[in-house]
1. Can you tell me which of A:Thr89, A:Thr105, A:Thr127 is of a type outside the set (A, V, I, L, M, F, W, C), over 29 Å from the mean Cα position of the chain (by Cα) and within 19 Å of B:Asp119 (Cβ to Cβ)?
2. Just name the residue that is nearest to the other protein chains (Cβ to nearest Cβ) out of those in segment B:241-266 that are crowded, with 22+ Cβ neighbours inside 10 Å and not hydrophobic (A, V, I, L, M, F, W, C).
3. Taking segment B:319-338, which residues are at pLDDT 95 or above and either closer than 24 Å to B:Cys227 by Cβ or within 12 Å of chain A (Cβ to nearest Cβ) (or both)?
4. Any residue at all in segment A:92-108 that's closer than 23 Å to B:Tyr314 by Cα and basic (Lys, Arg)?
5. Could you grab me the full set of residues in segment B:91-114 that are buried (at least 24 other Cβ atoms within 10 Å of the Cβ) and closer than 11 Å to B:Leu51 by Cα?
6. Checking the conditions here, which among B:Val80, B:Val33, B:Val55, B:Val65 is within 10 Å of chain A (Cβ to nearest Cβ) and touching a residue at least 24 places away in the same chain (Cβ under 8 Å)?
7. Quick check, is A:Leu165 away from chain B (no Cβ under 14 Å) and either crowded, with 21+ Cβ neighbours inside 10 Å or of a type in the set (Asp, Glu) (or both)?
8. Output the residues belonging to segment A:74-84 that are buried (at least 18 other Cβ atoms within 10 Å of the Cβ) and out of contact with any Phe, Trp or Tyr (no Cβ under 6 Å at 6 or more places or on another chain).
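The values are calculated or read from the model by the stated rules, or taken from the named source; none is laboratory data. Here the structure is a predicted model, which means the values were calculated and not measured. Note that we place each Cβ from the backbone using ideal geometry, even for glycine, and neighbour counts take in every protein chain shown.
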2 protein chains.
Amino acid sequence: MTAVADPAVYADRVARVRAAMATSGLDVLLLSVGADLPYFTGYEAMPLERLTMLVLPVDGDATLVVPRLEAPRVVEQPDVFALLAWDETENPIEIVAALAKGASTAAIGDHTWARFLVDLLAELPATTFRRASTVTGPIRARKDAAEIAALRAAGAAADRVAAQLHAGEIPLVGRTEAQVSADISNRLKAEGHERVNFAIVAAGANAASPHHEAGPRVIERGDVVLCDFGGKLAGYCSDITRCVSLGEPSTEVADAYAVLLEAQQAAVRSAVVGTTCEAVDGVARRIITDGGYGERFIHRTGHGIGVEEHEDPYIVAGNVTSLAPGHAFSVEPGIYVSGNFGLRLEDIVVATDAGPEAMNHANHALVVVDA
Amino acid sequence: MTAVADPAVYADRVARVRAAMATSGLDVLLLSVGADLPYFTGYEAMPLERLTMLVLPVDGDATLVVPRLEAPRVVEQPDVFALLAWDETENPIEIVAALAKGASTAAIGDHTWARFLVDLLAELPATTFRRASTVTGPIRARKDAAEIAALRAAGAAADRVAAQLHAGEIPLVGRTEAQVSADISNRLKAEGHERVNFAIVAAGANAASPHHEAGPRVIERGDVVLCDFGGKLAGYCSDITRCVSLGEPSTEVADAYAVLLEAQQAAVRSAVVGTTCEAVDGVARRIITDGGYGERFIHRTGHGIGVEEHEDPYIVAGNVTSLAPGHAFSVEPGIYVSGNFGLRLEDIVVATDAGPEAMNHANHALVVVDA
């Protein structure tokens, strides 16, 4: 799940989250499905109806509560947690509630299924719940050298697929978006990804829907095609967007792309340590607004990335978090003209003391391809 | 996502869940990620940090709250919901809370991310929350004729892969569990599945872990190999388990398998309309206990299946739900001897007025294969 081999890494991370819990007045942290649990323990919960939950008090011993039939999957980390297996006819909520008893304030994993929180609310009526990400997010957001190396490797693999797209090695004309999406997915795997998270392929007017699902639309000569793809390589995520044009783009598209490119590059350059997240968003937004496309840029500029595709820090108006060394995030402004075309340009960037380091280096132009 | 083409199906399902809400004293139903939302609206929420939520009051109009950049993905169902898109700098929790205002009791989708329930608790302090499955579960559990046909088609596709396994067409000896798992996954897709949900391949002692993850263990002559695989075909799930023996099994394994086979077949036969779920579990458990393996059968006998791999009704001690026509579920007892071997045998079964109908017909024996 993660690129971590050394068990001491987990103990160190747990010590840091306990310190954050103490500062925040949190008595207990409850982690289930999602990326927090493997980040802190090396174990990923199965996303099933049988509850897996780490109960981590601010002081004292942590317990990983798991269904008995999944207990053999757990690699124990004696420095981090004790294992407690529950049987099919036991109620794991009662077990967790007993371990968390007396907690005035608990934080629960953001992706934990609501059914378990509903049940915990009934068992622990005096406990106030918060999002776990209030303490785990800032820790996960700061990548160490090994994590940055993993993001670099994932980015390089995605770049190689982008280069194939630019070189015309991925057939486009006459194929459906869905076929090209499957092709890109296979290429991400061939380049080392263990998992593909998404491969958006949106042709022509379909690209005006930022989260368009690749479908039966056949790609034609003259189309501008937006490709946004990523996956996981050695536990860390890639995410890149490039647009290509099948033939010379119209003046309208070329003009919009010039504005987009300027905005994206300026936003990347602006992402220096100490700048706020919303300031980076503001740099991209101002250039696109000045270019006359302000109302066409309908989403934030980016999201953090690491063991999850989307995590802290979010590059969005209102986020006054200052960039710190190790913060990793996407910079991906877009311009969407409904019924006509859509453009987006995306790199992953890491803030470092030496300035922003891009994880992606594939050609940033609107490349004209014959494929 | 689902096999439904006729929009009237959604309106009918919504009418039935509203009736169940009225009976249960529920004021509003809140659905996000998970299988409930597509079952009732045809739209599947993206599992991302931007909230998608259907707000369905027991009376009055329903609203689907979606991020603006995902709104173009929604196929509108005017008879079911109105669409409300939120912008990047808006707070969707405030929008949902305003729509649900005054609700004394709300039900929230079981798989909704806890972070959204945490936020709703703060916005709606006077509202009591329950699991949505208390009203959606019994409705989804009863499959109509089209759904049973879809389960039959998915089961037949899984059966064809099991037949390939039995015929020795899937190479085993000298390959790792992970390689065989990938092979089975590809075959599920070749047989029509749009998605593979899991392909457990557990050789020798690894099979004593019921949820073993296929790994680097190389399969050898003499191994008993447990294969448990399934996916989604036209929106409905398959799930089958068969064990094969690479050479004549030991007397110990053969004896245990004979008990398992008898238990599984008797449990399938017992699954007639009107019988309780726990009684079906009891039939399998009694035979395995009488055979001397009671402590080796460490999980429930089965789970419901449909648009999700695991859903109501669960075939487990304590579930006094009576089987009704259209209930679809797995019957999958197992015998696990730690450090030695593991056996499981699984079919999907639908309760009908004419008796239990199996969705799987692949050979139930511990087939000796040379592959």
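1. Of the residues listed, the single one that is of a type outside the set (A, V, I, L, M, F, W, C), over 29 Å from the mean Cα position of the chain (by Cα) and within 19 Å of B:Asp119 (Cβ to Cβ) is A:Thr127.
2. B:Thr241
3. B:Asn319, B:Ala328, B:Phe329, B:Ser330, B:Val331, B:Glu332, B:Pro333, B:Gly334, B:Ile335, B:Tyr336, B:Val337
4. no
5. B:Val96, B:Thr112, B:Trp113
6. Testing whether each residue is within 10 Å of chain A (Cβ to nearest Cβ) and touching a residue at least 24 places away in the same chain (Cβ under 8 Å) leaves just B:Val33.
7. Yes: the conditions hold for A:Leu165.
8. Within segment A:74-84, A:Phe81 is the sole residue that qualifies.
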